[in-house]
Amino acid sequence: MDREVMMDKNREDACLCRIIHSERVEKARRTALQAPEYDRLANLFKAMGDPTRLQILLALSQEEMCVCDLAAFLNITESAVSHQLRMLRQLYLVANRRDGPVLYYRLDDGHITRLLDIGLEHLRE
């Protein structure tokens with residue numbers, strides 16, 4: 001790509017004027033998150049962005065399930081499911097409870113269900 005075409009492309013992605021709306025910049029700064037919150041929010045969406053983890057979350061949005069049932073549903077090994085559940089648990093997306101030898105998983109709270117519902121609603125618009 002020659003230099004002139006590159007410069008035109010760069011202009012398409014930038015403001016053509018140099019007016020800065022300082023009140024908008026200040027508002028964005030006042031409402032900005034702290035760095036750790038950006039990281040946690042990005043990790044939340046990253047976790048939900050993996051198709052296998054998303055299938056697990058959607059399955060658990062219906063009812064709690066054990067590792068072996070999730071493995072059968074996903075047609076993957078129990079070890080692979082456990083690995084995904086570990087990450088989801090560390091991000092507080094799922095919780096578990098033990099009933100004898102069986103460990104059941106469920107969504108950690110209603111916020112996760114709402115996130116999934118909002119995503120599906122947006123997708124289906």
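For every residue, the table says whether it meets (1) under 16 Å from Arg86 (Cα atoms); (2) among the aliphatic types (A, V, I, L, M); (3) surrounded by 10 or more Cβ atoms within 10 Å (Cβ to Cβ).
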residue	(1), (2), (3)
Glu26	no, no, yes
Ala32	no, yes, yes
Asp39	no, no, yes
Lys46	yes, no, yes
Gln55	yes, no, yes
Leu60	yes, yes, yes
Cys66	yes, no, yes
Ala71	yes, yes, yes
- prompt: Which residues, taken from segment 90-116, are free of Cβ contacts under 8 Å to residues at least 12 places away in the same chain and under 14 Å from the mean Cα position of the chain (by Cα)?
  reply: Gln90, His111, Arg114
Selection count where residues are surrounded by 14 or more Cβ atoms within 10 Å (Cβ to Cβ) and more than 18 Å from Phe45 (Cβ to Cβ), scope segment 86-125: 6
- request: Being at pLDDT 95 or above and polar (S, T, N, Q) is the filter here, so list the residues in segment 86-100 that pass it.
  value: Asn96
field: Unmet requirement for Ile56, which otherwise passes all of (1) touching a residue at least 24 places away in the same chain (Cβ under 8 Å); (2) on the phi > 0 side of the Ramachandran plot
entry: (2)
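The values are calculated or read from the model by the stated rules, or taken from the named source; none is laboratory data. Quick caveat, the model's predicted, so the values are computed rather than measured. Here Cβ is always computed from backbone atoms with ideal geometry, including for glycine, and neighbour counts include all displayed protein chains.
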